[in-house]
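Encoded as structure tokens, the structure appears first; notes follow it.
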Amino acid sequence: MNLTQLFTENPEGLKNLATPALLQRLEDICEGTIAVDAQARIVWINDRYLQIMGLPPDPQALLGRDIEEIIPHSLLRQVVTTGEPILLDLMAFGSETFVVTRLPLTDRQGKVVGAVGFCLYEKMHHLKPLLDKFSRLQQELADTRRQLAENRRPRYTMASYVGNSPASMEVKRQARRAAELDTTVLLLGETGTGKELLAQAIHAQSPRSSKPFIAVNAAAIPESLLEAEFFGTAPGAYTGADKKGRDGKFKLAHGGTLFLDEVGDMPLQVQSKLLRVLQEQEIEPLGSNKVVKVDVRIIAATSVALQQSVAQGRFRSDLYYRLNVLSITLPPLRERLGDLEALCESGLEQIYERTGMARRDMTPSALAYLSRYDWPGNVRELRNVLEKAVLYSESKQLDADDFARILPQDTIAVSSRQQPVMPLAHVVADAERQAILGALQAAGGRKSVAAQMLGISRATLYEKLSQLKLAA
Ligand SMILES: Nc1ncnc2c1ncn2[C@@H]1O[C@H](COP(=O)(O)OP(=O)(O)OP(=O)(O)O)[C@@H](O)[C@H]1O
């Protein structure tokens, strides 16, 4: 047979010659076969397919069922819909990965009437390393996705905002109200006052709590990348790693809450785009001319005086009004020193839990010492100071001296000139402690003598020793 002549005169000849050979080879390497109709319902399945997939041996029970009901990752529906074959693919089923081929079935008029899927598993031993790698990567992807979803869940609730001073109670009251309403919230406060914590708490208590909480810090992202970070990029907009396009934070936060930290640091150009998104509730990824609807609740935060930025032309006034629907001002720590004790307790508790170090309480004089400091870094700074004290101190209780090493007297002296108000209970407790320790020392440790010197009964002395957490 002259093949050149055959193919030149009759191109169909190639098909006629090759098709039976191809089908024969396919059958040789094929381990199992399944066929579906034009609606992707199973119409045929062979025993070998049932066996390698670990399905029940009776095919009758599967006939007429949607393919995805039985083989969740099957793409046979795609083949009947597009009419295009998928010649070689990897398909996960249970904990295994199979090499599969999928072909459309057409009638004489070329209309797609179904599709057939071949499983090439067993004969593909040489592909085993590849399949193993594929399975491992899929597992890693699933783990990473789970981790990502975990990170997008808020870590804080309303109870995480520690403090019962009137100022803190007011903050929590406003935050609870903000959680009920679906409006934009603007959180104002110095660094470390708990703006992100409160934003997460509002989200966690809102009807959006099961959806993502996404945070973006406008100050931490280079200006040139901020737009892509917010709105995403269309496929092909960039070369390299982003060739496929990337979802922006707005899209990721869809249905949930987007926390815009340090919103005052946003460049004017991005401010205009943000304003548009807030007005239209739609975004346009960079390099795309398609708009995408998004449903996102904005909680913005700033530690700079936004009104001043507006006056200086650094922040758009229309965006300021749009964000400032419901604003909550978080008080600095020096204005709510009544919360210091509770904040220290909860901070220390977390440090002990995280580090596994032995628990140690703070003495009233340590508390008195800390309340004479200005706390420019607020609760974040307090946490750092506590952590250092726990690490450096070797005493049984954390005393004023332990903190004096971290916050030297001169820093305290500066702020003490401003005479911060101390809760009376702390002042009294500190004075009582000093008096009791002095009396015990003078009495050589004999408690009944010390009680006499102090003019109180022995029982009262024991009670006070325990109240002030001095060893009884
Ligand atoms: N009221 C509070 N109760 C308990 N922890 C708090 C409180 N306020 C702040 N913190 C803790 O202080 C740290 C800083 O808080 P957060 O990041 O929320 O502050 P922020 O105001 O957003 O700071 P920045 O403006 O610097 O981003 C966190 O570890 C947070 O858990």
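The values are calculated or read from the model by the stated rules, or taken from the named source; none is laboratory data. If you're wondering where the values come from, they're calculated on a predicted model, not measured in any experiment. Ideal geometry is used to build each Cβ from the backbone, glycine not excepted, and the neighbour counts take in all protein chains shown.
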Exercise for review: Considering each residue of segment 337-370, count those that are crowded, with 21+ Cβ neighbours inside 10 Å and closer than 12 Å to Leu386 by Cβ, and give that number.
Suggested key: 8
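One line per residue, one yes/no per condition, for (1) surrounded by fewer than 17 Cβ atoms within 10 Å (Cβ to Cβ); (2) basic (Lys, Arg):
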{"residue": "Arg48", "(1), (2)": "yes, yes"}
{"residue": "Gly54", "(1), (2)": "yes, no"}
{"residue": "Ala61", "(1), (2)": "yes, no"}
{"residue": "His73", "(1), (2)": "yes, no"}
{"residue": "Leu88", "(1), (2)": "yes, no"}
{"residue": "Ala92", "(1), (2)": "yes, no"}
{"residue": "Val100", "(1), (2)": "no, no"}
{"residue": "Pro104", "(1), (2)": "no, no"}
Exercise for review: Please note which strands (runs of 3 or more DSSP E) are completely contained in segment 75-180 and include at least 1 residues that are modelled with pLDDT of 80 or more, in contact with a Phe, Trp or Tyr (Cβ under 9 Å, 6 or more places away or on another chain) and of a type in the set (Gly, Ala, Ser).
Suggested key: 112-119
**Study point:** Single unsatisfied condition, Ala175 versus (1) more than 30 Å from Lys290 (Cα to Cα); (2) touching a strand residue (DSSP E or B) at 6+ places or on another chain (Cβ under 7 Å); (3) without any contact (Cβ under 8 Å) to a residue 40 or more places away in the chain
**Key:** (3)
Point to revise | Number of the condition not met by Arg208 [criteria: (1) touching a residue at least 60 places away in the same chain (Cβ under 8 Å); (2) in contact with a helix residue (DSSP H, G or I) (Cβ under 8 Å, 6 or more places away or on another chain); (3) in a loop (DSSP other than H, G, I, E, B)] | key: (2)
Check your understanding: When only residues in segment 401-413 that are within 21 Å of Arg336 (Cα to Cα) and under 40 Å from the mean Cα position of the chain (by Cα) count, which is modelled with the highest pLDDT?
Key -> Phe403
Exercise for review: Take the residues in segment 168-213 that are surrounded by fewer than 16 Cβ atoms within 10 Å (Cβ to Cβ) and in contact with a Gly (Cβ under 9 Å, 6 or more places away or on another chain), then tell me which one is farthest from Asp339 (Cα to Cα).
Suggested key: Ser210
Study note, to complete from the structure: Reported set for segment 302-316 where residues are part of a loop (DSSP other than H, G, I, E, B) and out of contact with any Asp or Glu (no Cβ under 9 Å at 6 or more places or on another chain) is Ala305, Gln312, Gly313, Arg314, Phe315, Arg316
**Study point:** Residue within segment 228-238 that is part of a loop (DSSP other than H, G, I, E, B), within 16 Å of the ligand (Cβ to nearest atom) and at pLDDT 85 or above present
**Key:** no
Review point. Within the set of pairs 6 or more residues apart or between chains, which connect a residue that is basic (Lys, Arg) inside segment 373-385 to a residue that is within 11 Å of the ligand (Cβ to nearest atom) and part of a loop (DSSP other than H, G, I, E, B) with Cβ atoms less than 8 Å apart?
Key: Arg380/Thr191; Arg380/Gly192
Review point. Of all residues in segment 356-380, which are away from the ligand (no atom under 15 Å from the Cβ) and of a type in the set (Val, Ile, Thr)?
Key: Thr363
Check your understanding: Somewhere in segment 267-277, is a residue within 16 Å of the ligand (Cβ to nearest atom), surrounded by fewer than 16 Cβ atoms within 10 Å (Cβ to Cβ) and under 27 Å from Gly194 (Cβ atoms)?
Key -> no
Revision key, fill the gap. Among Asp261, Asp247, Asp265, the single one that is among the acidic types (Asp, Glu), at pLDDT 90 or above and out of contact with any Ser or Thr (no Cβ under 7 Å at 6 or more places or on another chain) is Asp261
